[in-house]
1. So which residues in the stretch 20-42 are within 16 Å of the ligand (Cβ to nearest atom) and in a loop (DSSP other than H, G, I, E, B)?
2. Take the residues in the stretch 47-82 that are among the small types (Gly, Ala, Ser), touching a Ser or Thr at 6+ places or on another chain (Cβ under 8 Å) and modelled with pLDDT of 90 or more, then tell me which one is nearest to residue 109 (Cα to Cα).
3. Does residue 70 count as assigned to a strand (DSSP E or B), hydrophobic (A, V, I, L, M, F, W, C) and away from the ligand (no atom under 14 Å from the Cβ)?
4. Among the listed residues 45, 54, 4, which satisfies the condition of being in contact (Cβ under 8 Å) with a residue 24 or more places away in the chain, within 16 Å of the ligand (Cβ to nearest atom), part of a helix (DSSP H, G or I) and not small (Gly, Ala, Ser)?
5. Limited to the stretch 73-90, what total is found for residues that are over 13 Å from residue 37 (Cα atoms), among the charged types (D, E, K, R) and not in a loop (DSSP other than H, G, I, E, B)?
6. Based on what the data block shows, is residue 110 within 16 Å of the ligand (Cβ to nearest atom) and modelled with pLDDT of 85 or more?
Amino acid sequence: MTDLQRLHEWLGSSGKQALQAVRCPRCKAAVARGWSAEVCAFLVLVDPVPLTPLGEFEALLAGLWTYTAWRVGGVRVDLRTANRRTHRLAHDVWPEHRCGHFHLHTTKSQISPSTHDGFDPDAPPPF
Ligand SMILES: [Zn+2]
């Protein structure tokens, strides 16, 4: 099973706004693509890598957008604006994809699929 197939299974695929596992057209990395759930939605490519607060700070310094990711069947993302960065709740924070950018400060995903989906919630995410 390839990294793209593992990401596809991990993301799930229910709903039009759910993220889809795709390859980046430039670097061919397995990334997630979908609509940001903003009022004026726009198509985003994100690295499905849960960041720590330090990791989010590092991503912002690098000029990357960050997104709140949550699971409602599939996974959806919402742009983290300045006032939304003050709380993390039970969601992941994923960075915008930039070819070749490596994220040092990551953590365990809080939105892993449930055991009802046939997944081991303690298994590491496929990224
Ligand atoms: Zn890329």
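The values are calculated or read from the model by the stated rules, or taken from the named source; none is laboratory data. These figures come from a predicted structure and were not determined experimentally. Here the Cβ is made from the backbone with ideal geometry for all residues, glycine too, and neighbour counts use every protein chain on show.
1. 24, 25, 26, 27, 28, 29
2. Here the residue is 55.
3. The answer is yes for residue 70.
4. Exactly one of 45, 54, 4 is in contact (Cβ under 8 Å) with a residue 24 or more places away in the chain, within 16 Å of the ligand (Cβ to nearest atom), part of a helix (DSSP H, G or I) and not small (Gly, Ala, Ser), namely 4.
5. Result for the stretch 73-90: 2.
6. No.
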